[in-house]
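Only one structure is covered here, and it is reproduced in the block below.
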Amino acid sequence: MDFVTLAGLLIAFSSVFLANWLGGGEVFLLLNLPSAIIVIVGSIGATLIQSSIQEAIRALVLMKWSLFPPIYDFNSARSSINNLAHKARRLSLLALESDVNSINNPFSTRALQMAIDGTDPNILSDRLHDDAVRIHERRMKSVNFLESIGGYAPTLGIMGSVLGLIQAMANLDSPEALGHGIAVAFVSTLYGQGFANLVIFPIAKKLATYVDKELIYHQLLIDGICGIAIGKHPYRLELELATYE
């Protein structure tokens, strides 16, 4: 688990409550369920209008990376590719049949199996590059889905504040209730800004970093496996892959 994400969320929200407390504000004024509903549910609903349920599901699945990030061990992948290259040069490409799962990555398993099956190296390289790009684009659509939620949240927060002010104006004959209603109304604006800038945008940025790293990792696998397929010398291949990190 990536405890840095949890620590960041805790620090961010604590700073808001601490600032409110130091300013003499009451904590319970910041806790407003209607404001949370209009900001969170409304932002998700607005984003669904421009997207699809499949993209929403993929974005939800990708969000788990913010707490349980994928592990891309470049050193281990380079070492495995180097061992495969030595074995293929010593024996043959077909001798790698029992090692298709050695890198423990679905992309590499498919790539290595295609190489063993005799796919032309040029076709293999082009096809794997296309696959890697498609995976990256699909992941980025999920990231963009989350960023759209963050983009709508502040506007929904303002709408919630306007709605709260409309309800507060109904109490013009009661100054005390009017003051409390106005204070609560502006909580929606705070929720909109906080949800976007303390939660959604930071998480989306972290996910984009992982998605970009996945693309680089796939590029390492492509260059390594295609190098094995064309019979490139293991030491030369090792030098070429050393730049990936």
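The values are calculated or read from the model by the stated rules, or taken from the named source; none is laboratory data. Values in this document were obtained by computation on a predicted structure and should not be read as measured data. So basically every Cβ, Gly included, is an ideal-geometry build from the backbone, and we count neighbours across all protein chains shown. Protein only, heavy atoms only, side chains kept; ligands, DNA and RNA dropped before computing areas. Shrake-Rupley method; radii C 1.70, N 1.55, O 1.52, S 1.80 Å.
Yes or no: residue 58 in contact with a His (Cβ under 8 Å, 6 or more places away or on another chain), open to solvent by 30 Å² or more (accessible area, probe 1.4 Å), assigned by the TED database to the domain that holds residue 237 and part of a helix (DSSP H, G or I)?
Working: in contact with a His (Cβ under 8 Å, 6 or more places away or on another chain): no; open to solvent by 30 Å² or more (accessible area, probe 1.4 Å): yes; assigned by the TED database to the domain that holds residue 237: yes; part of a helix (DSSP H, G or I): yes.
Considered against the rule, which asks whether it is in contact with a His (Cβ under 8 Å, 6 or more places away or on another chain), open to solvent by 30 Å² or more (accessible area, probe 1.4 Å), assigned by the TED database to the domain that holds residue 237 and part of a helix (DSSP H, G or I), residue 58 comes out as no.
Please go through the stretch 113-124 and pick out each residue that is among the β-branched types (Val, Ile, Thr), open to solvent by 20 Å² or more (accessible area, probe 1.4 Å) and closer than 16 Å to residue 92 by Cα.
Within the stretch 113-124, 119 is the sole residue that qualifies.
Got a sec? Which of 80, 108, 161, 98 is assigned to a helix (DSSP H, G or I), of a type in the set (Ser, Thr, Tyr), in contact (Cβ under 8 Å) with a residue 60 or more places away in the chain and out of contact with any strand residue (DSSP E or B) (no Cβ under 8 Å at 6 or more places or on another chain)?
108
Identify the single condition in (1) in contact (Cβ under 8 Å) with a residue 60 or more places away in the chain; (2) within 17 Å of residue 240 (Cβ to Cβ) that residue 119 does not satisfy, given that it satisfies every other one.
Here residue 119 clears every test but (2).
Quick one: residue 127 ticks every box in (1) within 14 Å of residue 226 (Cα to Cα); (2) open to solvent by less than 70 Å² (accessible area, probe 1.4 Å); (3) part of a helix (DSSP H, G or I) except a single one, so which number is it?
Exception for residue 127: condition (2).
It is to be established whether one or more residues within the stretch 66-75 are part of a helix (DSSP H, G or I) and within 25 Å of residue 145 (Cβ to Cβ). Give the derivation first.
First, the residues of the stretch 66-75 that are part of a helix (DSSP H, G or I): 66, 74-75.
Cutting the leftovers down to within 25 Å of residue 145 (Cβ to Cβ) gives us 66.
Among the residues of the stretch 66-75, at least one is part of a helix (DSSP H, G or I) and within 25 Å of residue 145 (Cβ to Cβ), which makes the answer yes.
Any residue that is under 14 Å from residue 74 (Cβ atoms) and touching a residue at least 12 places away in the same chain (Cβ under 8 Å) - is there at least one of those in the stretch 194-201? Even if it seems obvious, please write down each step before you answer.
Initially, the stretch 194-201 is screened for residues under 14 Å from residue 74 (Cβ atoms), giving none.
No, the stretch 194-201 has no match at all.
With the structure loaded, tell me whether residue 67 is touching a residue at least 60 places away in the same chain (Cβ under 8 Å), surrounded by fewer than 18 Cβ atoms within 10 Å (Cβ to Cβ) and closer than 30 Å to residue 35 by Cα or whether it fails that test. I'd like the intermediate steps shown before the answer.
Numbers: touching a residue at least 60 places away in the same chain (Cβ under 8 Å): yes; surrounded by fewer than 18 Cβ atoms within 10 Å (Cβ to Cβ): yes; closer than 30 Å to residue 35 by Cα: yes.
Here the answer is yes, as residue 67 does meet what is asked.
Cβ-Cβ below 9 Å, separation at least six or inter-chain, first residue in the stretch 1-25 and over 16 Å from residue 190 (Cβ atoms), second loosely packed, with under 12 Cβ neighbours inside 10 Å: which pairs?
Partner pairs satisfying both residue conditions: 1/68; 2/68.
Could you tell me how many of the residues in the stretch 213-245 are farther than 14 Å from residue 74 by Cα and among the hydroxyl-bearing types (Ser, Thr, Tyr)?
1
Could you list, in sequence order, all residues of the stretch 14-24 that are open to solvent by 70 Å² or more (accessible area, probe 1.4 Å) and touching a helix residue (DSSP H, G or I) at 6+ places or on another chain (Cβ under 7 Å)?
17, 21
Would you mention how many residues in the stretch 1-53 are in a loop (DSSP other than H, G, I, E, B), of a type in the set (A, V, I, L, M, F, W, C) and over 24 Å from the mean Cα position of the chain (by Cα)?
Just the residues of the stretch 1-53 that are in a loop (DSSP other than H, G, I, E, B), to begin with: 1-2, 23-26, 31-32, 51-52.
Still in the running and of a type in the set (A, V, I, L, M, F, W, C): 1, 31.
Going one step further and asking which of them are over 24 Å from the mean Cα position of the chain (by Cα), we end up with 31.
Selection size over the stretch 1-53: 1.
Of the numbered conditions (1) open to solvent by 90 Å² or more (accessible area, probe 1.4 Å); (2) more than 22 Å from residue 196 (Cα to Cα); (3) of a type in the set (Phe, Trp, Tyr), residue 72 satisfies every one except a single condition; which is it?
Checking residue 72 against (1) open to solvent by 90 Å² or more (accessible area, probe 1.4 Å); (2) more than 22 Å from residue 196 (Cα to Cα); (3) of a type in the set (Phe, Trp, Tyr), the one that fails is (1).
For the stretch 189-198, indicate whether the set of residues that are assigned by the TED database to the domain that holds residue 76, farther than 30 Å from residue 71 by Cα and not in a helix (DSSP H, G or I) is non-empty. Show your work before the answer.
As a first pass, look at the stretch 189-198 and keep what is assigned by the TED database to the domain that holds residue 76: 189-198.
Checking the rest, the ones that are also farther than 30 Å from residue 71 by Cα come to 189-193.
Checking which are not in a helix (DSSP H, G or I) leaves us with none.
Looking through the stretch 189-198, none of the residues is assigned by the TED database to the domain that holds residue 76, farther than 30 Å from residue 71 by Cα and not in a helix (DSSP H, G or I).
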